[in-house]
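This report concerns only the one structure given below.
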Amino acid sequence: MKNIQTGILKILLLFAITFFGPICHAQIFTRQFAYADSLFKVKQYTQSLKIYEEVLAAKQYTPAMLLKMGYIHEGLGNVSQGLYYLNLYYMATGDDQVLQKMQELAAKNRLVGYENPESDEFYYHLNKYGYLISLLLAAAAMFCMAWIYTKKRQGKKPIGAVVMMMVFMVLLAVNVNFPIINSEVMISSSTTYLMSGPSAGANVIAVVEAGHKLRKINKKDVWVEVQWFDQPAYVKENRVTPIRL
């Protein structure tokens, strides 16, 4: 009985670290958010942008911060960077007005990859409900633990409950550690060559500027295979940026 209680306490501790650890960690950046916002309000945009970028590099953000970063870059004439942060903002909020804004910016600058909003909507919903799915799986695992405890007290073998708990735990671990991520990348460098194969000696399909959003198909060494209109193409990994939070 004591071993069962100890095991349950360990699992509860693991859940607490998994779900509440990030919340405690985010509080560290509260002052940085406030300071950067104060700089933004007095129109010191480049200074606030630098702080926002540091916060985002530490995997912390707010939707408002992402929107401001997109606004700053657009104002500085960095259309591709502006679109990148607007993409992140949309993934965090699902704001249809921003989706329309991205399409307008892309059309104005002749950038491809923004014509079909269904892909953006898919990853928005995935990002929105991924955490909820983890909570539901954790709750189901906890229910199974209580079921196991009850069966033990009744002197019965909780084989079914143990199996179900293990299934929920595995699904939880997969959902937390191996989430489905956005398979799109953005061209991040100007004068980027799209090649017909993963080699510098392959034929050049197109020479593109920063800002195009392409679907990632595969990766081979330092080359990323992408979809360029109706054909596959290859681009150097350091010339693209994954679009994901």
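Bear in mind these aren't lab numbers, they're just calculated from the coordinates by the rules spelled out. A quick note: this is a predicted structure, and the numbers were derived from the prediction, not measured. Ideal geometry is used to build each Cβ from the backbone, glycine not excepted, and the neighbour counts take in all protein chains shown.
Descending by average beta-carbon neighbour count within 10 Å, the peptides 195-207, 96-108 line up as 96-108, 195-207, the highest first. Modelled spin-label separation between residue 57 and residue 219, with each label point placed 7 Å from Cα along the Cα-to-Cβ direction: 2.0 nm. Structural descriptor for the range 184-242: relative contact order 39 percent, calculated from alpha carbon pairs under 8 angstrom and at least 6 residues apart. Pop the C-beta distance of residue 41 and residue 135 into the FRET formula with R0 = 30 Å and round what comes out to the nearest 0.05. Once the sixth-power term is evaluated, E becomes 0.25.
Over 28 Å between C-alpha atoms is what I'm after, so list which of 108/216; 50/220; 41/216; 50/213 land there. Pairs exceeding the cut-off: 50/220; 41/216.
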